[in-house]
Amino acid sequence: MRINYIVIKKAFKNITIAGLIIFLLFLLFALTGCDSRKSGSESDLGNGWKPVKHMKLKYAKQFSVYYYKDGYKLIRLHDGSKFLVVPEGKDAPNGIDKKISVLRQPINRIYLAATASMCLFDRLGSIDNIKYSGAEHDDWYVENARKAMEEGRISFVGKYNQPDYEALASGKCDVAIESTMINHVPAVKKKLEEFDIPVFTDQSSLENHPLGRTEWIKVYGAMLNKEPEAEKIFDEQVKVLEGIDNKKTNKTVAFFTILPSGQVMVRKSGDYVSKMINLAGGKYVFRNIGDHKKVRATVTIDMEDFYKQAKSADILIYNNTIGGTITSISQLEQMNPLMKEFKAVKNGNVWYTGQNLYQETTGFGQMISDMHKVFVDGNVDSDSLTYLHKFSS
């Protein structure tokens, strides 16, 4: 690029500081070039191998999967961590980057501490690939997981922050699949790795689109050589979403839980639950609540603040996944008499979720469909819905 320095000199006479910054940035890009294409570092193994293809994704942004010759696969997570899946009977290739964790197939001794991922393995017919659980029997709402623990096919070996390292090591655990909560206890991750147990952090909770979370089934499909099955299951939910009338209903919606303290827990604006409400044609009443820089998806507020913002909401959805289960308006009013003053309570348009909500990632398309039916017709029969139930009087 040829630069006319006379023109630049004249331009500097009247340029503002902001203008100067913009000009210098433009000049930098002009001189160095701005290439938006991927550099290839994401798929770099460090030994010169080039991928023959990559996995096509529709909504997920937090992972990538690359395929190499002879059945090798590289899973790269958004945090930069990489995992090379080595086919059964083969060795890890020479010269790969030492930071790449190796997962050797068959991967059938998994420690699953990321509870939201259990349903993905269940839908893939791969519950038996999980041998160790970070949740106890009564904490599971995936029926096949509960059954596997009852039959001793899955063993509880401690929660994510206090696993039984010896049991995992002696049991030759192939990989520990953790939620992002593991980032709060780095010493645990380090200790697992010292026992030669790779730590794979499921980052589906960071996905921007609800079906981006569902699409994580493709990651586990790649680990277990079940890509076609994963693709089919994901496509089912995409079709459900695409079949929803995308016209806005203009119904305002509050999604909440009343805590034993009397305070109210709501989802922060822009999280996947509020986005499901929006995709279903509703309007989440909390337009700007919560710190978007933090991973935490919930916000706790006083009942008075909840009343001010949600008293006129057309529809209330009670989150039964936290604490005890309530199924009637009278129970709701007993928790706080102020609930009697809410528009949705007066109109009998109050719904609740089952306790399986957060363990049903593969059903997010259906959840959005259920919400849409409720938003369109508050008198829709609960029996026609999968994830939402109407409060009795």
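The values are calculated or read from the model by the stated rules, or taken from the named source; none is laboratory data. Keep in mind it's a predicted model, so treat the numbers as computed, not measured. Every residue, glycine as well, gets a Cβ built from its backbone with ideal geometry; the counts of neighbours run over all protein chains shown. When the accessible area is computed, the model is the full protein with side chains, heavy atoms only, and any ligands, DNA or RNA have been set aside. Shrake-Rupley method; radii C 1.70, N 1.55, O 1.52, S 1.80 Å.
In the range 83-182, the portion of solvent-accessible area held by carbon and sulfur atoms comes to 41 percent [1.4 Å probe, whole percent, DNA, RNA and ligands not counted].
With helices as the sole contributors, the chain gives -8500 deg cm²/dmol at 222 nm; each DSSP H run of n ≥ 4 counts as -39500 (n - 2.57), and the sum is divided by every residue. Normalised by 2.2 N^0.38 Å, where N counts its residues, the alpha-carbon radius of gyration of the chain equals 1.17. As a calculated quantity, the FRET efficiency between residue 137 and residue 392 at R0 = 22 Å, using C-beta atoms, amounts to about 0.15. Please give me the summed charge of the neighbours of residue 112: other residues whose Cβ is under 10 Å from its Cβ, Lys and Arg +1, Asp and Glu -1. After counting each charged neighbour, the total is -1.
Probing with 1.4 Å while keeping every protein chain in the model, the per residue accessible area of the range 134-222 equals 45 Å². Between 87, 376, 64, the Cα set farthest toward the positive side of the dipole of the chain (charges on each charged residue's Cβ, about the Cα centre) is that of 64. Between residue 338 and residue 269, the FRET efficiency estimated from the beta carbon spacing at R0 = 25 angstrom works out to 0.65.
Rolling a 1.4 Å probe over the heavy atoms of the protein chains gives the range 243-382 an accessible area of 44 Å² per residue.
Of the accessible area of the range 195-296, computed with a 1.4 Å probe over protein heavy atoms only, carbon and sulfur atoms account for 49 percent. Calculated on the Cα set of the range 42-185, radius of gyration then Dmax: 16.2, 48 Å. Extending 7 Å from the Cα toward the beta-carbon at both residue 97 and residue 191 defines two label points whose distance is 2.9 nm.
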